[in-house]
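Presented below is the structure to which this report refers.
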Amino acid sequence: MNEVLTNAEQVTPTWLTDVLRKSGCLPQGHVTKVRQGKEFQTPVSQVVHLEIDYSPNESIAAPSRLFLKMTKPNLQEELVGIGEKEVTFYRTLAARINPSSLVRCFDAVYDEQERQFHLLLEDLSETHTQTEWPIPPIRHHCEIAIDSLANIHASWWNHAQISEEIGPLPSPESVQKGFQWMQKTVPDFLDFLGDRISTERRAIYEQVVVAAPELTNHIIAQKGRTLVHNDSHCWNFLFPHDTDKDTIRIIDWQGWDIGVGTDDLAYMIALHWYPERRGQLEQDLLKRYHSQLLRMGVTSYDWDDCWRDYRLSVVRNISIPMWQWNAKLGPWIWWSHLERAMLAFEDLGCVELLGHG
């Protein structure tokens, strides 16, 4: 296995020639020069854009631009090792997904001892775009994002080998473990917030903790288990400049898991959009998602199932800002999530799912 990269200077022409040769996109010729482009950091990784020159015999399949993603220096302990799952995704699961939904990966390495990773991906910045965070995409882009999630969810929907190829299905014990973490963390989170959270919203957190046994039963009873992205905000989608020539791509797979498809939708919509935007698109996108699942062959999953699952996913959303706070991510991430998660919880009457509302 290749050694994990910790800086872009390690991407030498010789190293890159070998990687691209092994990937099958450079059967002849070689890399002559690697130039570093834009560099930036996300909350969990550091990223460098690379421009590549080849010898005159280069293959036309060889990429001229690459995207190097590595472990961010000085990560919080709660986030160290976060790249392991994304490396596993590209090394084992990506081959089972329609390649038109993903960015091509040329190298994926995780060092268990150092708990560091790197990914070498194709840079699609010339053919695809994202909206500037936190501006949501236009309706059409939201629709094709929903379609892409539905296609992936449908392909793994209650798959006979899902627990063998991805991991264990959610069990009462694993779900209860999540609620136990929440029970332990809620008091500290509420103490930190103090009077910055209302009495009514404070009570919601307390009710969710009390309702944990009933919520566990609801979650275990959900019908569709599938591969979920778990970080499916709209800025993890690359939208093509020309939808007639190219397809939308989903990136940042470090949080994938087995779960309920509506978790991805609630994360995208209820956690990131304010009420006006949700009011315009929420029902239409959910119905589009459900219809696409049926077209892709999903059975025994009616609209009422989908709507109930979505509302349960909205309940789970209120734990996300608390997790982000506990992981010491900045308030510029979790503070607005808290407001939007609570607004969606209230708007959709999710308190009745707690069994005593």
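The values are calculated or read from the model by the stated rules, or taken from the named source; none is laboratory data. Values in this document were obtained by computation on a predicted structure and should not be read as measured data. Note: ideal-geometry Cβ built from the backbone for every residue, glycine included; neighbour counts use all protein chains shown. Note: areas computed on protein heavy atoms with side chains; ligands, DNA, RNA excluded. Shrake-Rupley method; radii C 1.70, N 1.55, O 1.52, S 1.80 Å.
Report yes if LEU293 is out of contact with any Lys or Arg (no Cβ under 6 Å at 6 or more places or on another chain) and either buried (at least 20 other Cβ atoms within 10 Å of the Cβ) or among the small types (Gly, Ala, Ser) (or both), otherwise no. Answer is yes for this residue. Taking each residue of segment 66-83 that is outside any strand (DSSP E or B) and among the β-branched types (Val, Ile, Thr) and looking for partners that are open to solvent by less than 70 Å² (accessible area, probe 1.4 Å) and at pLDDT 85 or above with beta-carbon atoms closer than 7 Å, six or more apart or interchain, yields ILE82/VAL44; ILE82/GLN254.
On the stretch given as segment 85-113, residues that are open to solvent by 80 Å² or more (accessible area, probe 1.4 Å) and not polar (S, T, N, Q) total 6. Of ASP244, ASP252, all but one fail to be touching a residue at least 12 places away in the same chain (Cβ under 8 Å), farther than 16 Å from ASN151 by Cα and within 26 Å of the chain's Cα centre (by Cα); the exception is ASP252. Kindly indicate whether any position in segment 155-175 is aromatic (Phe, Trp, Tyr) and either at positive phi or open to solvent by less than 50 Å² (accessible area, probe 1.4 Å) (or both). Among the residues of segment 155-175, at least one is aromatic (Phe, Trp, Tyr) and either at positive phi or open to solvent by less than 50 Å² (accessible area, probe 1.4 Å) (or both), which makes the answer yes.
Yes/no per residue for (1) closer than 18 Å to ASP257 by Cβ; (2) modelled with pLDDT of 95 or more:
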site	(1), (2)
VAL103	no, yes
HIS118	no, yes
GLU122	no, yes
HIS128	no, yes
ILE135	no, no
CYS142	no, yes
ILE152	yes, yes
SER163	yes, no
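Restricting attention to segment 273-289, the residues being open to solvent by 20 Å² or more (accessible area, probe 1.4 Å) and either touching a Ser or Thr at 6+ places or on another chain (Cβ under 6 Å) or not hydroxyl-bearing (Ser, Thr, Tyr) (or both) number 9. Consider segment 334-357 and keep the residues that are assigned to a loop (DSSP other than H, G, I, E, B) and modelled with pLDDT under 95. The one that is nearest to SER198 (Cα to Cα) is GLY357.
Looking across segment 176-231, the residues that are open to solvent by less than 20 Å² (accessible area, probe 1.4 Å) and not in a helix (DSSP H, G or I) come down to ILE197, ALA211, GLN222, GLY224, THR226, LEU227, VAL228, HIS229. Of all residues in segment 312-333, those satisfying the criterion of being part of a helix (DSSP H, G or I) and either open to solvent by 20 Å² or more (accessible area, probe 1.4 Å) or β-branched (Val, Ile, Thr) (or both) are VAL314, VAL315, ARG316, SER319, ILE320, TRP323, TRP325, ASN326, PRO331, TRP332, ILE333.
Criterion applied to THR299, THR247 was being surrounded by fewer than 19 Cβ atoms within 10 Å (Cβ to Cβ) and in contact with a helix residue (DSSP H, G or I) (Cβ under 6 Å, 6 or more places away or on another chain), and the one residue passing it is THR247. Of the residues THR14, THR42, the single one that is of a type in the set (Ser, Thr, Tyr), touching a strand residue (DSSP E or B) at 6+ places or on another chain (Cβ under 9 Å) and either at positive phi or open to solvent by 70 Å² or more (accessible area, probe 1.4 Å) (or both) is THR14. Of everything in segment 300-311, what is part of a loop (DSSP other than H, G, I, E, B) and either in contact (Cβ under 8 Å) with a residue 60 or more places away in the chain or of a type in the set (Ser, Thr, Tyr) (or both)? Give them in sequence order. Those that are part of a loop (DSSP other than H, G, I, E, B) and either in contact (Cβ under 8 Å) with a residue 60 or more places away in the chain or of a type in the set (Ser, Thr, Tyr) (or both): SER300, TYR301.
Among the residues making up segment 56-75, those that are surrounded by fewer than 14 Cβ atoms within 10 Å (Cβ to Cβ) and either farther than 22 Å from HIS128 by Cα or basic (Lys, Arg) (or both) are PRO56, ASN57, PRO73, ASN74.
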